[in-house]
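Visitor: After the structure tokens below, expect a handful of questions from me.
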Amino acid sequence: MMQLFLLLLEVVYLFLAFKTGKTIFFIVAIILGGWWLYEINKESRKRNEAIEKETIDQLEEYPHTRYILSPDYLQALLIDENSNTFRILNREDLDDEFDAREYDFEELFEVAIVEDGKNVAHTSKDGWSLIDGSSKLDGKASGTEENEGISKKEVKKLLLKLVVNDLSNPIVEYTFLDNDQAIPKDLDEYKDIFKECKNWYHKVSIIIKRYEHEHKHKDVTVNGWT
């Protein structure tokens with residue numbers, strides 16, 4: 001109601017300013033316009049804070065030691081180091097409940113950072129890759145920027161892509177950035193987003209390699225017994 005009142009008042013003073021040509025009316029209209037924008041932003045912040053709190057309350061229903069929540073509050077990744085469980089939460093709308101998928105750490109097979117469809121970092125078990133459509137890549141993804149010598153300066157989409165032990169839906173994507181308009185890589189906003197994406201890439205990579213190492217060690221031990 002306050003926003004509507006301020007907007008109408010601004011229109012009135014703009015009309016008076018154009019009608020009379022008096023500077024004072026322009027000044028008042030500008031002040032009212034600034035006030036209107038402030039109230040709009042304040043209301044938007046309150047709404048986002050309420051949505052964030054409600055969403056985090058929903059996440060607390062799932063045991064976890066680390067989590068990340070997407071800016072649109074529609075996706076979340078949760079790690080529970082106590083039970084060695086990785087959870088992926090998705091929903092179509094803010095009013096919906098999350099659809100949770102959970103996997104043991106050993107069921108994570110592969111992870112990649114993908115910028116506009118190009119893998120810029122990749123980790124997998126035993127060099128095997130489903131993301132690249134290859135069976136043996138020695139832990140490196142074909143088609144990465146490093147391999148192709150591509151150095152794009154702008155990005156529209158950044159996501160973390162995972163392969164999990166799920167025959168019905170083995171590839172999971174968590175979106176960090178999805179813009180219609182590309183943004184420069186040297187922009188601080190993108191650097192912060194990429195840093196967070198890389199942080200989670202490292203977490204999942206450590207999980208994958210830890211279980212790969214344990215599996216190899218187990219095989220060596222068993223072979224030693226036989």
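Visitor: Taking the highest mean first, how do the peptides 157-164, 174-181 order by number of other beta carbon atoms within 10 angstrom per residue?
Guide: Order by mean packing, descending: 157-164, 174-181.
Visitor: Okay, moving on. Can you grab the distance from the C-alpha centre of segment 164-209 to the C-alpha centre of segment 34-103, Å, no decimals?
Guide: So the separation of the two Cα centres works out to 17 Å.
Visitor: For segment 100-107, in order, what is each residue's ³J(HN,Hα) by Karplus, 6.51 cos²θ - 1.76 cosθ + 1.60 with θ = phi - 60°, in whole Hz (x at glycine and Pro)?
Guide: Per residue, the Karplus-derived 3J(HN,Hα) values read 9, 10, 10, 9, 5, 3, 5, 8 Hz.
Visitor: Something else about it: Ranked highest first by average number of other Cβ atoms within 10 Å, how do 44-54, 109-119, 65-75 line up?
Guide: For the peptides 44-54, 109-119, 65-75, the packing ranking is 109-119, 65-75, 44-54.
Visitor: Give the long-range amide H neighbours of Glu110: residues separated by 5 or more places, or on another chain, with amide H under 5 Å away, using H modelled in the peptide plane at 1.01 Å from N.
Guide: Placed amide hydrogens put Val163 under 5 Å from Glu110.
Read-outs throughout are calculated quantities, based only on the coordinates presented, and are distinct from any laboratory measurement. Just so you know, these numbers come straight off a predicted model, no measurement behind them. In this analysis, Cβ positions are derived from the backbone assuming ideal geometry, glycine residues included, and neighbour counts consider all displayed protein chains.
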